Ligand SMILES: [Zn+2]
């Protein structure tokens, strides 16, 4: 670890991006191994999703460890002893579970591919130009979903573990630190404005899509965040062409609203608090160990039900269509069925041992 704490934090920020990129790479390699027909086969997408979820949980744990290391350096800079237990793993989202989030790239793929029902290739090669272009858009859509989710989950994991550590060390307030150097498109104007805000350590940092902000503790004598933010702000204002843009940014009204899954998000406009059909979105609660256990129990039950349907398709060689948790599933025969089923079995064992259930 570098002697200069600011430098140490920079190293951790680089490690964060490496962890995110590595998880995306692993997950995307798995999705890329699918044949075109596999994307429409729930037996394959759910099996692959199960494998990816195990990787996602390991990724979230690593991000949480990084968040604690980050917090300890930040606390040291403020002259505070780092204390307090931080759970190794907490789900990142309410009102869903990690497995449901892991299969979303395939949901996105289907959502966009249904617009071209005449393009249903058997294999990725030998496509004419129009079909090739369409298929590339489907795959890009899936990759974008994966990338957004990985960034969001990593961000929540790191900052929630860090704020928990602050809380355990007696810190009650913290500040948002923006990172223009980590953002390809520059820091979002909402984050720049929100950098002047102070948050309570019992609350999650309000974020937005592809947010790179981190957290710094505030004590009676230390507010290291303010100094860093000032530098970052000045850099951004300079880049934006001077003070006019700065006042322009400050005039933006930033609202914080609760997204039903990821909690507080920064927005400029009214966030939709309902689904497309008009039913209100469920209320968000901060994820904790109870919520984590509930999500694992639900995934365990789903994995058990799915296994009987894998066996059905294996035994009969026929498509199996069923409903579960309000969703229709189509498990179809495929050369990759056996592999998908083995991912599913490994996943079931993983969930069983995570829940401390006997085999
Ligand atoms: Zn941000």
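Every number here is computed from the coordinates shown, using simple stated rules; none is lab data. Computed from a predicted model, the values in this text were never measured in an experiment. Cβ: placed from backbone, ideal geometry, glycine included. Neighbour counts: every protein chain shown.
General observations
- Of the peptides 315-326, 347-358, the ranking by mean beta-carbon count within 10 Å, highest at the top, reads 347-358, 315-326.
- Across all directions, the shadow cast by the convex hull of the chain built on its C-alpha atoms averages 21.1 square nanometres.
- Angle between the chain longest axis and helix 289-316 axis [Cα atoms, degrees, rounded to 10]: 20
- Degrees, to the nearest 10: 129-168 long Cα axis against longest axis of the chain: 50
- As a rough guide to protection, the peptides 109-116, 52-59 ranked by mean Cβ packing within 10 Å, highest first, stand as 52-59, 109-116.
- Of all the options 19, 337, 127, the one that moves most in a Gaussian network model of the chain with Cα springs shorter than 10 angstrom is 127.
- Relative packing of 162-171, 192-201, 9-18, which averages over residues the other C-beta atoms within 10 Å, highest first: 162-171, 192-201, 9-18
- 0 to 90° range, to nearest 10: angle between helix 5-32 axis and the chain longest Cα axis: 10
- Cα gyration tensor, region 290-354 - rounded (a/c under 1.5), prolate or oblate: oblate
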